[in-house]
Amino acid sequence: MSSPAAPGNPRESVREQLDGWQNALSGTFFPLQVGTQVDHDFRCGVDTHHIGGMQLSVVHARPETVVRTVAQARSDESEHYCIAFQRAGICTFTQDDRTTILRPGQFTVYDSTRSFAFRFGSPHTTAVSMFDRSALNLDVSQIARVTATAVSGSEGLGKLVSTMLLHLVDSPGEFSDVVARKVSSTLLDLVETLYRETLLESNESDSAQRSFVLRVKAFIEDNLGEPQLAVGDIAAAHFVSVRSLYKAFENEQYGIAQYVRHRRLERIRQELVDPLMVRRPVGEIAATHGMINEAHFSRIFREKYGASPSEYRRHYIST
(Lines give C-alpha, C1' and ligand atoms only; values in the text may rest on other atoms or scores of the structure.)
Protein backbone atom coordinates (compact mmCIF):
# COMPACT_ATOMS: atom_id res chain seq x y z
CA MET A 1 0.00 0.00 0.00
CA SER A 2 1.46 3.34 -1.02
CA SER A 3 1.08 6.49 1.05
CA PRO A 4 1.70 9.75 -0.84
CA ALA A 5 3.49 12.31 1.24
CA ALA A 6 0.89 14.26 3.21
CA PRO A 7 1.22 17.28 5.48
CA GLY A 8 0.55 17.17 9.19
CA ASN A 9 3.77 18.42 10.78
CA PRO A 10 2.65 20.78 13.59
CA ARG A 11 5.74 22.93 12.94
CA GLU A 12 4.41 23.81 9.50
CA SER A 13 1.78 26.52 9.05
CA VAL A 14 -1.73 25.42 8.13
CA ARG A 15 -1.22 27.05 4.73
CA GLU A 16 1.89 24.95 4.12
CA GLN A 17 0.10 21.82 5.34
CA LEU A 18 -2.90 22.58 3.14
CA ASP A 19 -0.75 23.19 0.05
CA GLY A 20 0.95 19.86 0.59
CA TRP A 21 -2.37 18.12 1.13
CA GLN A 22 -3.87 19.64 -2.03
CA ASN A 23 -0.87 18.40 -4.02
CA ALA A 24 -1.22 14.94 -2.45
CA LEU A 25 -4.91 14.65 -3.31
CA SER A 26 -4.45 16.08 -6.80
CA GLY A 27 -1.65 13.62 -7.45
CA THR A 28 -3.72 10.70 -6.17
CA PHE A 29 -6.90 11.55 -8.06
CA PHE A 30 -7.00 14.62 -10.36
CA PRO A 31 -6.62 18.39 -9.87
CA LEU A 32 -8.59 19.58 -6.85
CA GLN A 33 -8.83 22.61 -4.59
CA VAL A 34 -8.76 22.18 -0.81
CA GLY A 35 -9.74 24.55 1.98
CA THR A 36 -10.18 24.34 5.75
CA GLN A 37 -11.27 26.35 8.77
CA VAL A 38 -8.72 24.57 10.97
CA ASP A 39 -6.27 27.13 12.30
CA HIS A 40 -3.49 24.78 13.41
CA ASP A 41 -2.17 21.25 12.94
CA PHE A 42 -4.16 20.15 9.89
CA ARG A 43 -3.59 16.38 10.14
CA CYS A 44 -4.41 14.28 7.08
CA GLY A 45 -3.30 11.34 4.98
CA VAL A 46 -4.20 9.12 2.05
CA ASP A 47 -3.33 5.45 1.44
CA THR A 48 -3.71 4.04 -2.06
CA HIS A 49 -3.36 0.76 -3.91
CA HIS A 50 -4.64 -0.69 -7.19
CA ILE A 51 -6.56 -3.85 -7.95
CA GLY A 52 -7.49 -4.77 -11.49
CA GLY A 53 -8.59 -1.56 -13.19
CA MET A 54 -9.54 0.16 -9.96
CA GLN A 55 -7.68 2.57 -7.70
CA LEU A 56 -8.67 2.20 -4.05
CA SER A 57 -7.84 4.94 -1.55
CA VAL A 58 -8.55 5.73 2.09
CA VAL A 59 -8.59 9.45 2.87
CA HIS A 60 -8.58 10.81 6.42
CA ALA A 61 -8.35 14.47 7.37
CA ARG A 62 -9.50 17.20 9.72
CA PRO A 63 -12.54 19.34 8.66
CA GLU A 64 -12.05 20.41 5.04
CA THR A 65 -13.65 21.34 1.74
CA VAL A 66 -12.54 19.52 -1.41
CA VAL A 67 -13.67 21.06 -4.70
CA ARG A 68 -13.32 20.13 -8.35
CA THR A 69 -13.87 23.42 -10.17
CA VAL A 70 -15.53 23.84 -13.56
CA ALA A 71 -12.22 25.06 -14.98
CA GLN A 72 -10.36 22.02 -13.63
CA ALA A 73 -12.95 19.61 -15.01
CA ARG A 74 -12.81 21.25 -18.45
CA SER A 75 -9.03 21.49 -18.72
CA ASP A 76 -8.11 18.11 -17.24
CA GLU A 77 -8.19 14.90 -19.29
CA SER A 78 -9.38 12.69 -16.42
CA GLU A 79 -12.50 10.72 -17.35
CA HIS A 80 -13.27 8.70 -14.26
CA TYR A 81 -16.15 7.74 -12.05
CA CYS A 82 -15.53 7.54 -8.34
CA ILE A 83 -17.44 5.98 -5.48
CA ALA A 84 -16.99 7.68 -2.12
CA PHE A 85 -17.88 5.55 0.91
CA GLN A 86 -18.17 7.42 4.19
CA ARG A 87 -16.51 5.47 7.01
CA ALA A 88 -16.34 8.19 9.66
CA GLY A 89 -17.63 11.76 9.86
CA ILE A 90 -20.45 13.38 7.91
CA CYS A 91 -20.07 14.82 4.43
CA THR A 92 -22.16 17.17 2.33
CA PHE A 93 -21.62 16.38 -1.34
CA THR A 94 -22.81 18.36 -4.37
CA GLN A 95 -22.75 17.56 -8.09
CA ASP A 96 -25.13 18.08 -11.03
CA ASP A 97 -27.28 20.56 -9.06
CA ARG A 98 -27.97 17.96 -6.36
CA THR A 99 -26.74 17.88 -2.78
CA THR A 100 -26.76 14.88 -0.48
CA ILE A 101 -25.62 14.17 3.07
CA LEU A 102 -23.34 11.15 3.40
CA ARG A 103 -23.30 9.55 6.84
CA PRO A 104 -21.10 6.63 7.92
CA GLY A 105 -22.17 3.53 6.01
CA GLN A 106 -23.42 5.43 2.94
CA PHE A 107 -21.82 6.03 -0.44
CA THR A 108 -22.35 7.95 -3.67
CA VAL A 109 -21.00 8.00 -7.21
CA TYR A 110 -19.53 11.08 -8.92
CA ASP A 111 -17.98 12.04 -12.25
CA SER A 112 -14.53 13.64 -12.61
CA THR A 113 -15.52 15.40 -15.85
CA ARG A 114 -17.90 17.76 -14.02
CA SER A 115 -17.46 20.05 -11.04
CA PHE A 116 -18.29 18.81 -7.53
CA ALA A 117 -17.70 19.68 -3.88
CA PHE A 118 -17.17 17.70 -0.68
CA ARG A 119 -17.67 19.53 2.62
CA PHE A 120 -16.59 17.83 5.85
CA GLY A 121 -17.52 19.62 9.07
CA SER A 122 -15.56 17.26 11.31
CA PRO A 123 -12.62 14.82 11.05
CA HIS A 124 -13.47 12.15 8.52
CA THR A 125 -12.41 8.91 6.89
CA THR A 126 -13.58 8.25 3.35
CA ALA A 127 -12.88 5.26 1.10
CA VAL A 128 -12.71 6.24 -2.57
CA SER A 129 -12.76 3.87 -5.54
CA MET A 130 -11.78 5.39 -8.89
CA PHE A 131 -12.14 3.71 -12.30
CA ASP A 132 -12.48 4.61 -15.99
CA ARG A 133 -15.93 5.73 -17.07
CA SER A 134 -15.87 3.06 -19.78
CA ALA A 135 -15.97 0.40 -17.04
CA LEU A 136 -19.71 0.99 -16.57
CA ASN A 137 -21.98 0.20 -19.49
CA LEU A 138 -24.20 3.18 -18.71
CA ASP A 139 -24.64 6.43 -20.64
CA VAL A 140 -23.07 9.53 -19.15
CA SER A 141 -26.56 11.04 -19.00
CA GLN A 142 -27.75 8.07 -16.95
CA ILE A 143 -24.96 8.42 -14.40
CA ALA A 144 -25.67 12.16 -14.24
CA ARG A 145 -29.12 11.27 -12.86
CA VAL A 146 -27.71 9.35 -9.88
CA THR A 147 -24.65 11.38 -8.87
CA ALA A 148 -24.93 13.02 -5.43
CA THR A 149 -27.53 10.52 -4.24
CA ALA A 150 -26.80 8.63 -1.03
CA VAL A 151 -26.94 4.82 -1.14
CA SER A 152 -27.19 2.76 2.04
CA GLY A 153 -24.40 0.25 2.49
CA SER A 154 -26.47 -1.85 4.88
CA GLU A 155 -29.19 -3.28 2.66
CA GLY A 156 -29.86 -4.75 -0.78
CA LEU A 157 -27.34 -4.30 -3.57
CA GLY A 158 -25.81 -1.40 -1.67
CA LYS A 159 -24.72 -3.85 1.04
CA LEU A 160 -23.10 -6.17 -1.52
CA VAL A 161 -21.24 -3.26 -3.15
CA SER A 162 -20.02 -1.77 0.12
CA THR A 163 -18.99 -5.13 1.60
CA MET A 164 -16.87 -6.02 -1.41
CA LEU A 165 -15.51 -2.49 -1.80
CA LEU A 166 -14.38 -2.23 1.82
CA HIS A 167 -12.85 -5.70 1.75
CA LEU A 168 -10.76 -4.70 -1.26
CA VAL A 169 -9.83 -1.41 0.40
CA ASP A 170 -8.72 -3.11 3.61
CA SER A 171 -7.01 -6.15 2.08
CA PRO A 172 -4.39 -5.00 -0.45
CA GLY A 173 -2.28 -7.74 -1.95
CA GLU A 174 -4.66 -10.53 -0.94
CA PHE A 175 -5.33 -11.62 -4.52
CA SER A 176 -3.12 -12.54 -7.44
CA ASP A 177 -3.26 -10.26 -10.49
CA VAL A 178 -5.59 -12.64 -12.35
CA VAL A 179 -7.99 -12.96 -9.42
CA ALA A 180 -7.77 -9.22 -8.69
CA ARG A 181 -8.92 -8.37 -12.22
CA LYS A 182 -11.85 -10.78 -11.87
CA VAL A 183 -12.83 -9.45 -8.44
CA SER A 184 -12.67 -5.80 -9.54
CA SER A 185 -14.75 -6.66 -12.62
CA THR A 186 -17.34 -8.35 -10.41
CA LEU A 187 -17.51 -5.30 -8.16
CA LEU A 188 -18.05 -3.00 -11.13
CA ASP A 189 -20.78 -5.32 -12.44
CA LEU A 190 -22.51 -4.97 -9.07
CA VAL A 191 -22.15 -1.18 -9.20
CA GLU A 192 -23.67 -1.10 -12.69
CA THR A 193 -26.55 -3.35 -11.62
CA LEU A 194 -27.19 -1.18 -8.57
CA TYR A 195 -27.52 2.00 -10.62
CA ARG A 196 -29.53 0.32 -13.36
CA GLU A 197 -32.03 -0.70 -10.68
CA THR A 198 -32.01 2.83 -9.26
CA LEU A 199 -32.68 4.30 -12.70
CA LEU A 200 -35.48 1.79 -13.34
CA GLU A 201 -37.17 2.68 -10.05
CA SER A 202 -36.83 6.35 -10.94
CA ASN A 203 -38.41 5.78 -14.36
CA GLU A 204 -41.27 3.84 -12.79
CA SER A 205 -41.80 6.63 -10.30
CA ASP A 206 -41.79 9.23 -13.09
CA SER A 207 -44.30 7.17 -15.07
CA ALA A 208 -46.62 6.81 -12.07
CA GLN A 209 -46.39 10.54 -11.40
CA ARG A 210 -47.21 11.38 -15.02
CA SER A 211 -50.17 9.00 -14.98
CA PHE A 212 -51.48 10.66 -11.81
CA VAL A 213 -51.19 14.16 -13.31
CA LEU A 214 -53.09 13.03 -16.42
CA ARG A 215 -55.89 11.60 -14.24
CA VAL A 216 -56.13 14.88 -12.34
CA LYS A 217 -56.26 16.88 -15.56
CA ALA A 218 -59.04 14.64 -16.91
CA PHE A 219 -61.00 15.17 -13.67
CA ILE A 220 -60.58 18.93 -14.01
CA GLU A 221 -61.85 18.87 -17.61
CA ASP A 222 -64.96 16.98 -16.48
CA ASN A 223 -65.68 19.43 -13.67
CA LEU A 224 -64.85 22.86 -15.08
CA GLY A 225 -68.52 23.82 -14.87
CA GLU A 226 -68.44 23.59 -11.06
CA PRO A 227 -67.96 27.20 -9.83
CA GLN A 228 -66.68 26.02 -6.44
CA LEU A 229 -64.13 23.58 -7.84
CA ALA A 230 -61.11 24.12 -5.56
CA VAL A 231 -57.71 22.52 -5.09
CA GLY A 232 -58.94 20.91 -1.88
CA ASP A 233 -61.83 19.28 -3.75
CA ILE A 234 -59.52 17.93 -6.43
CA ALA A 235 -57.13 16.53 -3.80
CA ALA A 236 -59.97 14.88 -1.88
CA ALA A 237 -61.32 13.29 -5.07
CA HIS A 238 -57.93 11.65 -5.60
CA PHE A 239 -57.30 10.72 -1.95
CA VAL A 240 -54.13 12.81 -1.65
CA SER A 241 -53.17 15.85 0.41
CA VAL A 242 -53.30 19.36 -1.04
CA ARG A 243 -49.54 19.56 -0.54
CA SER A 244 -49.02 16.37 -2.60
CA LEU A 245 -51.22 17.76 -5.35
CA TYR A 246 -49.24 20.99 -5.54
CA LYS A 247 -46.02 18.95 -5.64
CA ALA A 248 -47.32 16.77 -8.49
CA PHE A 249 -47.75 19.90 -10.63
CA GLU A 250 -44.37 21.45 -9.76
CA ASN A 251 -42.84 20.55 -13.13
CA GLU A 252 -45.95 21.30 -15.20
CA GLN A 253 -46.40 24.50 -17.21
CA TYR A 254 -49.08 25.61 -14.76
CA GLY A 255 -49.53 24.95 -11.05
CA ILE A 256 -52.72 23.15 -10.10
CA ALA A 257 -54.81 26.28 -9.36
CA GLN A 258 -53.41 28.09 -12.41
CA TYR A 259 -54.20 25.04 -14.56
CA VAL A 260 -57.87 25.11 -13.55
CA ARG A 261 -58.12 28.80 -14.45
CA HIS A 262 -56.20 28.27 -17.71
CA ARG A 263 -58.52 25.49 -18.85
CA ARG A 264 -61.64 27.49 -17.97
CA LEU A 265 -60.44 30.51 -19.92
CA GLU A 266 -59.38 28.38 -22.87
CA ARG A 267 -62.75 26.61 -23.02
CA ILE A 268 -64.55 29.97 -22.90
CA ARG A 269 -62.25 31.45 -25.55
CA GLN A 270 -62.96 28.54 -27.91
CA GLU A 271 -66.72 28.98 -27.54
CA LEU A 272 -66.53 32.77 -27.98
CA VAL A 273 -65.07 32.32 -31.49
CA ASP A 274 -67.31 29.37 -32.41
CA PRO A 275 -69.80 30.56 -35.13
CA LEU A 276 -72.40 28.23 -33.69
CA MET A 277 -72.18 30.09 -30.33
CA VAL A 278 -72.35 33.60 -31.77
CA ARG A 279 -75.79 34.38 -30.30
CA ARG A 280 -74.98 33.01 -26.87
CA PRO A 281 -74.20 35.77 -24.30
CA VAL A 282 -70.63 36.04 -23.05
CA GLY A 283 -71.72 35.82 -19.40
CA GLU A 284 -73.66 32.63 -20.05
CA ILE A 285 -70.69 30.98 -21.73
CA ALA A 286 -68.44 31.98 -18.86
CA ALA A 287 -70.87 30.67 -16.23
CA THR A 288 -71.10 27.33 -18.05
CA HIS A 289 -67.41 26.86 -17.34
CA GLY A 290 -67.44 27.98 -13.72
CA MET A 291 -66.79 31.72 -14.13
CA ILE A 292 -69.85 33.28 -12.45
CA ASN A 293 -68.28 36.59 -11.41
CA GLU A 294 -68.44 38.53 -14.69
CA ALA A 295 -66.19 41.42 -13.57
CA HIS A 296 -63.50 39.02 -12.32
CA PHE A 297 -63.82 36.89 -15.45
CA SER A 298 -63.52 39.92 -17.77
CA ARG A 299 -60.41 41.15 -15.96
CA ILE A 300 -58.48 37.85 -16.06
CA PHE A 301 -59.58 37.20 -19.66
CA ARG A 302 -58.12 40.56 -20.71
CA GLU A 303 -54.91 39.80 -18.80
CA LYS A 304 -54.49 36.52 -20.67
CA TYR A 305 -55.65 37.41 -24.19
CA GLY A 306 -55.13 41.19 -24.38
CA ALA A 307 -58.78 42.12 -25.00
CA SER A 308 -62.11 41.93 -23.22
CA PRO A 309 -64.25 38.85 -24.01
CA SER A 310 -66.61 40.91 -26.14
CA GLU A 311 -63.78 42.62 -28.05
CA TYR A 312 -62.07 39.28 -28.59
CA ARG A 313 -65.27 37.78 -29.94
CA ARG A 314 -66.03 40.70 -32.31
CA HIS A 315 -62.49 40.61 -33.71
CA TYR A 316 -62.52 36.88 -34.52
CA ILE A 317 -66.12 36.77 -35.77
CA SER A 318 -65.50 39.71 -38.11
CA THR A 319 -62.37 38.11 -39.57
(message) If amide hydrogens are placed 1.01 Å from N in the peptide plane, which non-local residues have theirs closer than 5 Å to the one on residue 54?
(response) none
(message) Given the -39500 (n - 2.57) contribution per DSSP H run of 4+ residues, what per-residue ellipticity at 222 nm results for the chain, rounded to the nearest 500 deg cm²/dmol?
(response) -14500 deg cm²/dmol
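Just tell me the longest site-free run in the chain, where the sites are trypsin sites (Lys or Arg not before Pro) in a DSSP loop having at most 11 other beta-carbon atoms within 10 Å.
No qualifying site falls inside 12-278, the longest such stretch.
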(request) Whole Å is fine, so just give me how far the alpha carbon centre of the range 222-299 lies from that of the range 124-144. (result) 48 Å
(request) On a 0 to 90° scale, report how tilted helix 309-318 is relative to the longest principal axis of the chain, with both axes built from alpha carbons and the result rounded to the nearest 10. (result) 80 degrees
(request) Take the eigenvalues of the Cα gyration tensor for the chain, scale each by 5, and report the square roots as semi-axes in whole Å, largest first. (result) 59, 22, 17
(message) Let's see if you can work this out: charge +1 on each Lys and Arg Cβ, -1 on each Asp and Glu Cβ, no other charges. What is the dipole magnitude of the range 191-319 about its Cα centre, in debye to the nearest 20?
(response) 640 debye
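Assigning unit charges at the beta carbon (Lys, Arg +1; Asp, Glu -1) and nothing else, what dipole magnitude in debye, to the nearest 20, does the range 93-146 show about its Cα centre?
Around 200 debye, computed over the range 93-146.
Kindly identify the range 78-199 as rounded, prolate or oblate by the Cα gyration tensor criterion: order the square roots of the eigenvalues as a ≥ b ≥ c, call it rounded if a/c is under 1.5, otherwise compare a/b with b/c, prolate if a/b is larger, else oblate.
Because a/c hits 1.5 or more and a/b fails to exceed b/c, the range 78-199 counts as oblate.
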(request) Give the relative contact order (percent, whole number) for the range 61-122; include only Cα pairs under 8 Å separated by 6+ residues. (result) 48 percent
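Residues of the chain: accessible area per residue at 1.4 Å, in Å²?
Accessible area per residue: 52 Å².
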(message) In whole Hz and in residue order, list the ³J(HN,Hα) couplings for the range 105-120 that follow from phi through the Karplus curve 6.51 cos²θ - 1.76 cosθ + 1.60, θ = phi - 60°; x for Gly and Pro.
(response) x, 10, 9, 8, 9, 8, 10, 6, 7, 10, 5, 7, 8, 9, 10, 10
(request) Compute the signed sum of charges (Lys and Arg +1, Asp and Glu -1) over the other residues within less than 10 Å, Cβ to Cβ, of residue 136. (result) -2
(request) Report the extension gain between residue 43 and residue 92 in nm, rounded to one decimal, defined as 0.36 nm multiplied by the number of residues separating them, less their alpha carbon distance. (result) 15.6 nm
(request) Could you tell me which of rounded, prolate or oblate describes the range 273-315, using a ≥ b ≥ c as the square roots of the eigenvalues of the alpha-carbon gyration tensor, with rounded for a/c under 1.5 and, failing that, prolate when a/b is larger than b/c and oblate otherwise? (result) oblate
(request) Among the lysines, select those whose C-alpha is under 30 Å from the C-alpha of residue 217, and discard any that sit fewer than 8 residues away in the same chain. (result) 247, 304
(request) For the range 167-319, report the translational diffusion coefficient in µm²/s to the nearest whole number, using Stokes-Einstein at 4 °C, 1.567 mPa s, and a Kirkwood Rh over Cα pairs. (result) 65 µm²/s
(message) Taking 8 Å as the Cα distance limit and 6 or more residues as the minimum spacing, I'd like the relative contact order of the chain as a percentage.
(response) 12 percent
(request) With a point put 7 Å past each Cα toward its Cβ, work out how far residue 308 is from residue 182 in nm, to one decimal. (result) 8.6 nm
(message) What does the charge count around residue 265 come to, taking other residues whose C-beta lies under 10 Å from its C-beta (Lys +1, Arg +1, Asp -1, Glu -1)?
(response) +4
(message) Which one, 231, 162, 185, projects farthest toward the positive side of the charge dipole computed for the range 145-269 from Cβ point charges (K/R +1, D/E -1)?
(response) 231
(request) Give, as a single signed number, the net charge of other residues whose beta carbon lies under 15 Å from the beta carbon of residue 185, with Lys and Arg counted +1 and Asp and Glu -1. (result) -2
(message) In whole percent, and with a 1.4 Å probe on the protein chains, what portion of the accessible area of the chain is carbon and sulfur?
(response) 49 percent
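Can you bin the range 1-146 into rounded, prolate or oblate? Criterion: square roots of the alpha carbon gyration tensor eigenvalues sorted a ≥ b ≥ c, rounded for a/c under 1.5, prolate for a/b above b/c, oblate for the rest.
Prolate.
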(message) So if I place +1 on the C-beta of Lys and Arg and -1 on the C-beta of Asp and Glu, and nothing else carries charge, what would the dipole magnitude of the chain be about its Cα centre? I want it in debye, nearest 20.
(response) 1180 debye
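The values are calculated or read from the model by the stated rules, or taken from the named source; none is laboratory data. Small disclaimer: the values here were computed from a predicted structure and weren't measured. Every residue, glycine as well, gets a Cβ built from its backbone with ideal geometry; the counts of neighbours run over all protein chains shown. Just so you know, the surface numbers come from the protein's heavy atoms only, side chains and all, with ligands and any DNA or RNA stripped out. Shrake-Rupley method; radii C 1.70, N 1.55, O 1.52, S 1.80 Å.
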